[in-house]
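Trainee: Have a look at this one before I ask anything.
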Amino acid sequence: MCYYNGQKVTRAEFIQLKQLEKAVRDYDFLDVDVHNGFNYPPCAIAIATDDRRDFELVQAQWGYVPGKMSADEAIAFRRKLTTLNFKAENLWVSESGKRSMWKDAARSRRCLVLSTGIVESRHVPKIGKKGQELKETIKYPYQVTLKDHEYFWLPGIYSDWLNTDTGEVTKTFAIGITKANELMKQVHNSKLRMPCILTDELAWEWLMGDLSDDRITEIAMTQIPSRLLERCTISPEYRLEGVINKKEYPELPEIKQEFIDQEVLEFDHWGK
Amino acid sequence: MPFELEINGRLLKVSEHELAGKRVFHVNFGASVKPLVITVAVAPGGKKFWTSIPQGRQREATDIGKLIAEHIRAKR
């Protein structure tokens, strides 16, 4: 007879609990509110099964690293290129007009990234002593979620990165971003971009479909209408602690609603 | 999906996972306390009890495990 946590258990149960200890040590629980991309955290992604009839959720590192690289090379690669996101416009040709680094993966290694909300910062100029706007800005973080949905899917592209130091293979991925809608133009006003949020039908097509390059681009450009999103301001500790705490900022100007109601988007695949 | 439980006025976030063939619950107390992982183990004779994984936090496992069981029963 053995004891586990002071409780009597059979030897077989004891062995199973010890095996579970190892599994718990190796497993990163995916229940944090916010994944800060610049920490290259583990996240849940969906990849298609080989027969493309179903998908499985696997753990992957946010921050795309292609092929074989040492850990130091991977760090340098991510620092140089910031591969947390891919622009839907640059899937085939890079901004400098060269072959895109995403090209092969966009055709054969598409995935979905599970999200419950996104965090972006609104930049508001500081006011000088004479009441003038300064170049320096204050960042106000917002959490943006999808109305009536506990979670949603973002299009992703993944790669199996072989760490040449250890031989370890790690799935890494990037998230698709598109042109901001009217709400996100105000929230993420420094970049005017937003993550591409897919309908369930488009998410399935992205993952399972045998798609032309044009269709891949079309899906990756999807812009969710502002009226389907909810937002709130949050306190800045989300960055370090990974938790969402709502916080009001009385000095912060309201988001303008009138544009949201009249919004027309180039790539609105959500319909009415 | 994750759910929340209140214990001693404190809100805990709980998520369910399957690991090594066992159903485990990850309990997040916030930034100040280390998260707790608990599961149901079986004593000789078939009696079930909650235990922390790894060992060392049995009292918390027992108290929070009861609340999780109540939460799951209430959802059925």
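Trainee: So what J values fall out for the stretch B:34-39 if you push phi through Karplus, 6.51 cos²θ - 1.76 cosθ + 1.60 with θ = phi - 60°, rounded to Hz, Gly and Pro as x?
Mentor: 5, x, 10, 10, 10, 8
Trainee: So, one more: Using Cα-Cα distances under 8 Å and only pairs 6 or more residues apart, what relative contact order does the stretch B:3-75 have, in percent? Walk me through the intermediate numbers first.
Mentor: Working: 101 pairs, mean separation 13.0, N = 73.
That works out to 18 percent.
Trainee: To continue, here is another question. For each of B:H71, A:H188, B:H17, count neighbouring Cβ atoms within 10 Å of the residue's Cβ, then give the residues from fewest to most.
Mentor: In order of increasing Cβ crowding within 10 Å: B:H71, B:H17, A:H188.
Trainee: Need one number: the % of Cα-Cα pairs in the stretch A:44-180 sitting beyond the 27 Å mark.
Mentor: Summing the P(r) of the stretch A:44-180 above 27 Å gives 35 percent of all pairs.
Trainee: Give the long-range amide H neighbours of A:F86: residues separated by 5 or more places, or on another chain, with amide H under 5 Å away, using H modelled in the peptide plane at 1.01 Å from N.
Mentor: For A:F86, whose amide H was placed from the backbone, the distant partners under 5 Å are A:I175, A:G176, A:I177.
Trainee: Restricting everything to alpha-carbon atoms, can you work out Rg to Rh for the protein assembly as shown with a Kirkwood hydrodynamic radius?
Mentor: Numbers: Rg = 23.1 Å, Rh = 22.8 Å.
Expressed as Rg/Rh, it is 1.01.
Trainee: Where the centroid of each part is defined by its Cα atoms, how far is the stretch A:189-255 from the stretch A:62-82 in Å?
Mentor: Measuring centre to centre over Cα atoms gives 25 Å.
Trainee: Sticking with this one: Restrict the search to the stretch A:105-191; then list the trypsin sites (Lys or Arg not before Pro) that DSSP places in a loop and that have at most 11 other Cβ atoms within 10 Å of their Cβ.
Mentor: Answer in residue order: A:K129, A:K130, A:K147.
Trainee: Kindly provide the helix-only [θ] at 222 nm of the protein assembly as shown, computed as the sum of -39,500 (n - 2.57) over DSSP H runs of four or more divided by all residues, to the nearest 500 deg cm²/dmol?
Mentor: -6500 deg cm²/dmol
Trainee: While we're here: Suppose R0 equals 30 Å. What FRET efficiency, 1/(1 + (r/R0)^6) with r the Cβ-Cβ distance, do B:E16 and A:S96 give to the nearest 0.05?
Mentor: So the FRET efficiency works out to roughly 0.05.
Trainee: Related question: Just want the answer: with Cβ charges of +1 for Lys and Arg and -1 for Asp and Glu, which residue in A:Y4, A:L162, A:P141 is farthest toward the dipole's positive end in the protein assembly as shown?
Mentor: Going by the Cα projections, it comes out as A:Y4.
Trainee: A follow-up question, please. Given Cβ point charges of +1 (Lys, Arg) and -1 (Asp, Glu) and nothing else, what value in debye, to the nearest 20, does the dipole of the stretch B:1-61 about its Cα centre take?
Mentor: About 220 debye.
Trainee: Give me the distance between the Cα centres of the stretch B:6-76 and the stretch A:98-140, rounded to whole Å.
Mentor: First find each Cα centre; the distance between them is then 38 Å.
Trainee: Could you give log10 I(q)/I(0) at q = 0.28 Å⁻¹ for chain B, computed by the Debye formula over C-alpha point scatterers of equal weight, without solvent?
Mentor: Debye output, listed in q order: -1.60.
Trainee: Additional query: Using the charge dipole of the protein assembly as shown (Lys, Arg: +1 at Cβ; Asp, Glu: -1 at Cβ; taken about the Cα centre), state which of A:Q19, A:T233, A:I127 has its Cα farthest towards the positive end.
Mentor: Projecting each Cα onto the dipole axis, the largest value belongs to A:Q19.
Trainee: As an exercise, use a Förster radius of 35 Å and the Cβ-Cβ distance of A:L81 and A:R25 to find the FRET efficiency, rounded to the nearest 0.05.
Mentor: So, using R0 = 35 Å, E works out to roughly 0.65.
Trainee: Taking R0 as 25 Å, what FRET efficiency do you get between A:Q262 and A:E218 from their Cβ-Cβ distance, rounded to the nearest 0.05? Intermediate results must be reported in sequence, preceding the final value.
Mentor: Working: r = 24 Å, r/R0 = 0.96.
Taking R0 as 25 Å, the efficiency between A:Q262 and A:E218 is 0.55.
Trainee: Could you run the Karplus curve 6.51 cos²θ - 1.76 cosθ + 1.60 with θ = phi - 60° over the stretch A:49-64 and give me ³J(HN,Hα) per residue in whole Hz, x for Gly and Pro?
Mentor: 6, 4, 7, 6, 9, 8, 9, 10, 8, 10, 8, 9, 8, 6, x, 5
Trainee: Residues of the stretch B:8-51 with amide nitrogen under 16 Å from the 7 Å Cα-to-Cβ point of A:R11?
Mentor: B:44
Trainee: Output the relative contact order of chain A, whole-number percent, from Cα pairs under 8 angstrom with separation of 6+ residues.
Mentor: For chain A, the relative contact order is 19 percent.
Trainee: A further question follows. So which GluC sites (Glu not before Pro) in the stretch A:52-110 pass both tests, a DSSP loop state and at most 12 other Cβ atoms within 10 Å of the Cβ?
Mentor: In loop regions of the stretch A:52-110 (DSSP not H, G, I, E or B), the sparsely surrounded GluC sites (Glu not before Pro) are A:E95.
Trainee: Kindly state, as a whole number, the per residue volume in cubic angstrom of the convex hull around the alpha carbon atoms of the stretch A:127-272.
Mentor: Hull volume over Cα atoms, normalised by residue count, gives 196 Å³.
Trainee: I would also like to ask the following. Quick one: 3J(HN,Hα) in Hz for the stretch B:2-11, Karplus 6.51/-1.76/1.60 with θ = phi - 60°, rounded, Gly and Pro as x.
Mentor: In residue order, the calculated couplings are x, 9, 10, 10, 10, 9, 6, x, 10, 8 Hz.
Trainee: Can I ask one more? Go through the stretch A:159-252 and name the GluC sites (Glu not before Pro) that are in a DSSP coil and have 12 or fewer other Cβ atoms within 10 Å of their Cβ.
Mentor: Counting only loop positions with at most 12 other Cβ atoms within 10 Å, the GluC sites (Glu not before Pro) in the stretch A:159-252 are A:E168, A:E248, A:E251.
Trainee: Subtract the Cα-Cα distance of A:D72 and A:E136 from 0.36 nm times their separation in residues, and report this length gain in nm to one decimal.
Mentor: Here the segment from A:D72 to A:E136 would lengthen by 19.6 nm.
Trainee: Okay, next question. Measure nothing fancy, just the Cα-based angle from helix A:11-26's long axis to the longest principal axis of chain A, in degrees from 0 to 90, nearest 10.
Mentor: So the inclination is approximately 30 degrees.
Trainee: Next question. Could you give the angle, 0 to 90 degrees to the nearest 10, between helix A:71-81's Cα long axis and the longest principal axis of the Cα atoms of chain A?
Mentor: So the helix axis and the longest Cα principal axis differ by about 10 degrees.
Trainee: Same structure, new question: How would you rank A:S235, A:S159, going from fewest to most other Cβ atoms within 10 Å of each one's own Cβ?
Mentor: Going from least to most buried by this count: A:S235, A:S159.
Trainee: Which cross-chain or sequence-distant (5 or more) residues have an amide H under 5 Å from the amide H of A:I138, H modelled 1.01 Å from N in plane?
Mentor: A:V124, A:K126
Trainee: If I fit a long axis through the Cα atoms of helix B:58-75 and take the longest principal axis of the Cα atoms of chain B, what angle between them do I get, 0 to 90°, rounded to 10?
Mentor: Rounded to the nearest ten degrees, it is 80.
Trainee: A further question follows. Taking H as built 1.01 Å from N, whose amide H comes closer than 5 Å to the amide H of A:C111, not counting residues under 5 places away?
Mentor: A:G156, A:I157, A:Y158
The numbers here are math on the coordinates, done by the rules we state, and not lab data. Quick caveat, the model's predicted, so the values are computed rather than measured. Cβ coordinates were reconstructed from backbone atoms using ideal geometry, including for glycine residues, and neighbour counts include every protein chain displayed.
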